[in-house]
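The values are calculated or read from the model by the stated rules, or taken from the named source; none is laboratory data. Model, not experiment: these values are computed from the prediction. Note: ideal-geometry Cβ built from the backbone for every residue, glycine included; neighbour counts use all protein chains shown.
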Amino acid sequence: MRVVCLGTGTSYGVPMPGCRCGVCTSSDIRNRRNRCSIVVTLPGGNLLIDTPPELRLSCLRDNISRIEAVALTHTHADHIMGMDDIRRFNDVVGGHIPIHAEPGFLDDLRRVFQYVFVSGQAGGGKPKLDLTPIVPGATLSLLGASVLPLRVYHGDLPITAFRIGCFAYVTDVSRIPDATLQELQGLDTLILGAIRDQPHSTHFSISQAIEVIEQLKPRRAFLTHMTHDVEHGELSARLPAGIQPAYDGLVLTMPSPMLRMQQGLGC
């Protein structure tokens, strides 16, 4: 299994327009953060988690030429406003692409992208989307792998996290219920949202994320959804062993869930 971090930044992105801080003007490319998204390569193709505004640019940068399925964590603008770019991947795969999300999030897509779901002139093309409801806690079979949606909270807003084999992706999070913490035990790799050092009302701070990671004890963990208050090198130098800040273009590899099952291995 292969995971590519397409974006690791907050809703503003980094650098932010009009900001001349040290991170926004940094020459370290790891401080340039598009809005959050990952691609997970599974036996049956590429699963894209979230469709941020820079989707096209991130896919070009990281040589993502195919998307077979999409899963959504939630429908804030920074996580869905690249949805129209899916139409190019419709051309590549030659058909509709399933969008897996909780029912309320699918309703949001029908409202925000109304033009996709009504009859009318296609013009340059409309994305062809098959909206597929999911339920946290109910495993789905997707692209040859078992994908487990999980409930977490972004302030008071319910968010979907995802566990795929020994890997989990948990972004835009300020609270993880006990039942979900149980489902996140025994991970090889965890990507977890941590916005900055200072407390935030709807996101884990870096210290809060570290506490969760130390509780879950994955083999390795990466922080994502970071603001311009976070300088990559400085944060990397002070994080505990086994925890690093993610960055745009980061590629993680691990044995596929199917292979580990065939070998009788755990995480």
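Only one of (1) under 18 Å from Leu47 (Cβ atoms); (2) over 21 Å from the mean Cα position of the chain (by Cα); (3) of a type in the set (Val, Ile, Thr) is not met by Val116, so which one is it?
Among (1) under 18 Å from Leu47 (Cβ atoms); (2) over 21 Å from the mean Cα position of the chain (by Cα); (3) of a type in the set (Val, Ile, Thr), the lone unmet condition for Val116 is (1).
Which residue is nearest to the chain's Cα centre (by Cα), if the candidates are limited to the stretch 1-43 and must be under 18 Å from Val230 (Cα atoms) and small (Gly, Ala, Ser)?
Gly7
Within the stretch 178-199, track down each residue that is in contact with a strand residue (DSSP E or B) (Cβ under 6 Å, 6 or more places away or on another chain) and not in a strand (DSSP E or B).
Across the stretch 178-199, the qualifying residues are Thr180, Glu183, Leu184, Leu187, Ala194.
Would you call Pro257 surrounded by 13 or more Cβ atoms within 10 Å (Cβ to Cβ) and at pLDDT below 95?
Yes: the conditions hold for Pro257.
Which is out of contact with any His (no Cβ under 7 Å at 6 or more places or on another chain), among the polar types (S, T, N, Q) and under 18 Å from Met16 (Cβ atoms), of Gln208, Gln198, Gln185?
Matching residue, one of Gln208, Gln198, Gln185: Gln198.
Taking the stretch 94-140 as the search range and keeping residues that are touching a strand residue (DSSP E or B) at 6+ places or on another chain (Cβ under 8 Å) and among the charged types (D, E, K, R), which one is farthest from Glu68 (Cα to Cα)?
Only one residue fits best here, namely Arg110.
Where in the stretch 39-155 are there strands (runs of 3 or more DSSP E), lying wholly inside it, with at least 1 residues that are in contact with a Pro (Cβ under 6 Å, 6 or more places away or on another chain) and modelled with pLDDT of 95 or more?
Qualifying strands (runs of 3 or more DSSP E): 69-71, 129-133, 145-154.
Which of the residues spanning the stretch 188-203 are of a type in the set (Asp, Glu) and surrounded by fewer than 16 Cβ atoms within 10 Å (Cβ to Cβ)?
Answer for the stretch 188-203, where residues must be of a type in the set (Asp, Glu) and surrounded by fewer than 16 Cβ atoms within 10 Å (Cβ to Cβ): just Asp197.
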